[in-house]
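Taking it in order: structure first as structure tokens, then the write-up.
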Protein chains: 2
Amino acid sequence: MPDVAADRRVRRTRAAIQRALLTLMAEKGYEAVTATDIIERADIGRSTFYTHFSDKQHVLYDSLDDLGDFLRDQRPGHDGVLGFGLALFEHVDEQRDLVRVLLGRRGGHVVQDRVAHLLAELVREDLAPLAAAAPDVPLDLVVTGVVGTYLALLRTWADSGTTWTPAEMDDAARRLLAPGLAALLAPVTA
Amino acid sequence: MPDVAADRRVRRTRAAIQRALLTLMAEKGYEAVTATDIIERADIGRSTFYTHFSDKQHVLYDSLDDLGDFLRDQRPGHDGVLGFGLALFEHVDEQRDLVRVLLGRRGGHVVQDRVAHLLAELVREDLAPLAAAAPDVPLDLVVTGVVGTYLALLRTWADSGTTWTPAEMDDAARRLLAPGLAALLAPVTA
DNA sequence: CCCTTTCCCGAACAATCTGTTCAGGAACGG
DNA sequence: CCGTTCCTGAACAGATTGTTCGGGAAAGGG
């Protein structure tokens with residue numbers, strides 16, 4: 001397990017591997033990509049690959065962690081509930097080539113799970129302030145449902161041609177979820 | 001490609017194969033099951049397997065089609081929007097051992113996609129009558145979002161211990177989605 | 001009950017992929 | 001400049017996939 005930070009060769013190698021995987025995923029989808037593919041595309045020795053990553057999956061994990069950090073930094077505080085939505089769709093729209101490959105049907109379930117976790121944290125933070133006086137339905141279930149909605153919308157968006165704008169996607173999500181959330185999380189206030 | 005209907009041997013073989021896959025999925029999850037595993041578990045010849053199914057995936061497809069037919073038959077007309085929900089959760093609860101394996105995290109994305117299609121049809125039929133006067137947001141997006149919610153709830157339900165009852169699950173889904181749907185699909189009526 | 005059709009068997013095989021090992025050469029950083 | 005660390009690449013054992021083929025066995029119609 002080479003030292004990541006210090007050596008330039010290490011950085012170079014790891015970057016090449018991750019770049020190779022993402023490129024190949026865009027061409028064949030996650031499942032179809034093989035470790036040998038990555039090795040050839042990255043143009044490195046076979047043993048080199050396995051000293052850095054135990055698995056094809058772990059290459060993906062590292063990439064997703066990077067993506068998660070990026071998403072987390074860019075998050076702005078929008079208005080009201082589900083304020084993160086528009087920013088999310090806009091970001092996905094910008095990072096089209098990458099994120100769409102990850103989220104689309106060709107991305108593989110590993111990605112889905114990872115992204116679902118990421119989103120769940122965002123949603124939970126978003127809903128927590130309002131959830132104080134709402135023991136009616138478990139917050140966990142609400143978060144799960146909301147994340148499911150967003151993820152489903154993101155996936156179809158990623159897979160289909162870009163007919164809809166980020167704003168339209170966010171609008172659809174809001175209109176579908178906001179009323180129910182309002183009723184659930186502030187039953188007395190209204 | 002053997003004749004399915006006529007010959008008893010064919011029925012026997014196919015049944016054994018499908019049973020083997022589902023059993024193995026319950027033990028290892030879909031991804032981890034190999035064609036060789038199925039062959040050994042079903043106790044059939046290797047060539048026999050490949051004359052019936054080209055793939056591990058296609059074994060699953062057939063099983064899911066059967067499940068889909070079953071679900072479709074059992075569907076009752078409940079009250080109002082999302083009336084299928086309770087029946088869905090109840091069915092999943094009954095067929096626990098099978099459906100939970102299919103829908104859970106160990107099920108594999110192939111299952112998810114297939115089930116998503118199944119649910120999409122149900123939801124679309126459910127929403128169609130109300131969608132006449134609602135050009136505001138594309139029905140496709142609404143259906144996608146709703147299916148995403150239900151699927152997400154089903155998945156966490158399947159993966160976690162059975163703390164919640166089918167009624168509670170359905171209640172959560174309804175409360176989250178129904179208000180938004182009402183506003184979306186009948187903007188004038190209300 | 002018989003006989004033709006149809007299916008099953010299972011070993012053998014080529015092809016692909018995985019993950020590991022190791023000795024020698026190359027690049028790195030201090 | 002020099003010791004440390006990394007990369008190489010071939011070679012390998014093991015697993016998996018999907019195909020082929022010559023019997024042998026079961027099925028079901030007549």
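The table below gives the values:
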quantity	calculated
Protection proxy ranking, peptides B:164-174, B:140-150, A:26-36, average beta carbon neighbours within 10 Å, highest first	B:140-150, B:164-174, A:26-36
Accessible area of chain A belonging to carbon and sulfur atoms, whole % at 1.4 Å probe	53
Cα pair distances in the stretch B:106-183, grouped into 5 Å bins until the bin that holds the longest one, percent each	3, 13, 24, 23, 19, 11, 5, 2, 0
Kyte-Doolittle mean at least 0.0 and Cα axial length at least 18 Å: DSSP H helices in chain B	B:109-127, B:139-159, B:166-185
5 Å binning of all Cα-Cα separations within the stretch A:78-131, expressed as whole percents from 0 upward	4, 18, 22, 24, 17, 9, 5, 0
Kirkwood hydrodynamic radius (C-alpha pairs) into Stokes-Einstein, the protein assembly as shown, 10 °C and 1.306 mPa s, D in µm²/s	70
B versus A: buried accessible surface, summed, Å² (probe 1.4 Å, to nearest 100)	2600
Cα extents of the stretch B:8-56 along the three principal axes, largest first (Å)	29, 16, 15
For the stretch A:1-133, the Rg and Dmax computed from alpha carbons only, in angstrom	17.1, 58
Å² of accessible area per residue within chain A, as computed with a 1.4 Å probe and no ligands counted	49
A:Val10-B:Val10 pseudo-label distance in nm [points 7 Å out on the Cα-to-Cβ vector]	6.1
Protection proxy ranking of B:43-52, A:51-60 - average other beta-carbon atoms within 10 Å, highest first	A:51-60, B:43-52
Members of the stretch B:159-179 that become less accessible by 50 Å² or more once partner protein chains are added (1.4 angstrom probe, chain alone as reference)	B:Trp164, B:Arg175, B:Leu176
The stretch A:92-170-the stretch B:159-177 distance, computed between alpha-carbon centres (Å)	19
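The values are calculated or read from the model by the stated rules, or taken from the named source; none is laboratory data. For clarity, every value in this text was computed on a predicted model and none was experimentally measured. Ideal geometry is used to build each Cβ from the backbone, glycine not excepted, and the neighbour counts take in all protein chains shown. Only protein heavy atoms, including side chains, enter the accessible area calculation; ligands, DNA and RNA are left aside. Shrake-Rupley method; radii C 1.70, N 1.55, O 1.52, S 1.80 Å.
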